[in-house]
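Student: Below is a structure I'd like to ask you about.
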Amino acid sequence: MIAKLLEVILVMSEEQQKEMLKQANELVNGDRRINGRKACRLRIDFATSDRTHKGYIKNISHLGMFIEANAPIMIGEEVLMVFKVNRNSKAVKIKGEIAHATRWGLGIEFTAKGPRFDQQIRNIIQHIK
């Protein structure tokens, strides 16, 4: 069975290998996203190194977000995201990395870490209605 698994891995692209590794880690360690996801529908603008895109945040947690968008983006690409929690709030700017892409959208993992960032995300999640 291990030989067959290696055979399959060797014909995958690097992006596919990264996604498979991520999914394998989730199987072994459990899905970290289970707690703390907040469903929402917030407009978002996001940019890669060479393009800008628009979409909707479908859910957000302290680890990342899922953006409903049809954007030609590669797994591992860095993105800068800008959105408002409501009409009267200041724009939030957050950096992340494309963790996975589906036909429905993009899974983004936040790249900022630390207590200050964690508090910022908790505040954002609390203010989403």
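Student: Which of the peptides 105-113, 88-96, 10-18, 59-67 is most tightly packed, and how do the rest follow, going by the mean number of other Cβ atoms within 10 Å of each residue?
Tutor: Order by mean packing, descending: 59-67, 105-113, 88-96, 10-18.
Student: Turning to a different aspect of this structure: Would you calculate, for the chain, the mean residue ellipticity at 222 nm contributed by helices, counting each DSSP H stretch of 4 or more residues as -39,500 (n - 2.57) and dividing by all residues, to the nearest 500?
Tutor: -9500 deg cm²/dmol
Student: Need the list of aspartates and glutamates near LYS22 for cross-linking: C-alpha distance under 13 angstrom, and skip anything on the same chain fewer than eight residues off.
Tutor: GLU14, ASP31, GLU109
Student: What are the lysines whose alpha-carbon lies under 29 Å from the alpha-carbon of LYS84, with same-chain residues fewer than 8 places away excluded?
Tutor: LYS38, LYS54, LYS58, LYS93, LYS95, LYS113, LYS129
Student: Provide Rg and Dmax in Å for the chain, with only Cα atoms included in the calculation.
Tutor: Reported Rg and Dmax, both Å: 16.1, 57.
Student: From the backbone phi of segment 63-79, what are the Karplus-calculated ³J(HN,Hα) couplings (6.51 cos²θ - 1.76 cosθ + 1.60, θ = phi - 60°) in whole Hz, Gly and Pro given as x?
Tutor: 9, x, 8, 10, 10, 7, 6, 10, 10, x, 10, 9, 4, x, 5, 7, 10
Student: Something else: Given H placed 1.01 Å from N in the peptide plane, which residues other than close sequence neighbours of ALA71 have an amide H under 5 Å from its amide H?
Tutor: Under 5 Å from the amide H of ALA71 lies no amide H from a residue far enough along the sequence or on another chain.
Laboratory data are not the source of any read-out in this text; all were calculated from the coordinates shown. Since this is a predicted model, take the numbers as computed values, not measurements. Positions of Cβ are generated from backbone atoms using ideal geometry, with glycine treated the same way; all protein chains shown enter the neighbour counts.
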